[in-house]
Structures are given as structure tokens and as C-alpha cells.
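The values are calculated or read from the model by the stated rules, or taken from the named source; none is laboratory data. Owing to the predicted nature of the structure, the values given are computational and were not obtained by experimental measurement. Cβ placement follows ideal geometry from the backbone for every residue including glycine, while neighbour counts extend to all protein chains displayed. SASA here: full protein model, heavy atoms, side chains in, ligands and nucleic acids out. Shrake-Rupley method; radii C 1.70, N 1.55, O 1.52, S 1.80 Å.
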Amino acid sequence: MSIVAYDWGGAIAWNVAIAHPELLDMLVIVNATHPYLFTRALAEHPA
């Protein structure tokens, strides 16, 4: 399965990829940061 996602769909696609990597052959995400980087940015720069 391949997933192509944009914006908030990217957030959903990241979670699918993290939870079920065995289902994916390809993941393309446009305009959505990786969940780890987003969480770290919020923690370090809350403003």
C-alpha cells in the first residue's frame, strides 16, 4: 500500500506508518512534520 498525504492528512498518515509499517510500501507526506520533531519543537519553544 502507498499513502500520499497533505497537511492534516499527513498527521494521520504518520500515525498509520508508525503503528503499521508492515502495511506500507511507500509513504509521501507533504506539509506535515514528523510527529517526534513536532512534539520536540512544542516542548522546546511553546510560544
Being of a type in the set (S, T, N, Q) and surrounded by 11 or more Cβ atoms within 10 Å (Cβ to Cβ) is the filter; apply it to the stretch 31-47 and report the residue that is nearest to the chain's Cα centre (by Cα). T33
Does any residue of the stretch 12-30 turn out to be open to solvent by 70 Å² or more (accessible area, probe 1.4 Å), in contact with a Phe, Trp or Tyr (Cβ under 7 Å, 6 or more places away or on another chain) and either among the hydroxyl-bearing types (S, T, Y) or modelled with pLDDT of 90 or more (or both)? yes
Of all residues in the stretch 9-39, which are part of a helix (DSSP H, G or I), touching a residue at least 12 places away in the same chain (Cβ under 8 Å) and aliphatic (A, V, I, L, M)? A11, A13, V16, A17, I18, L23
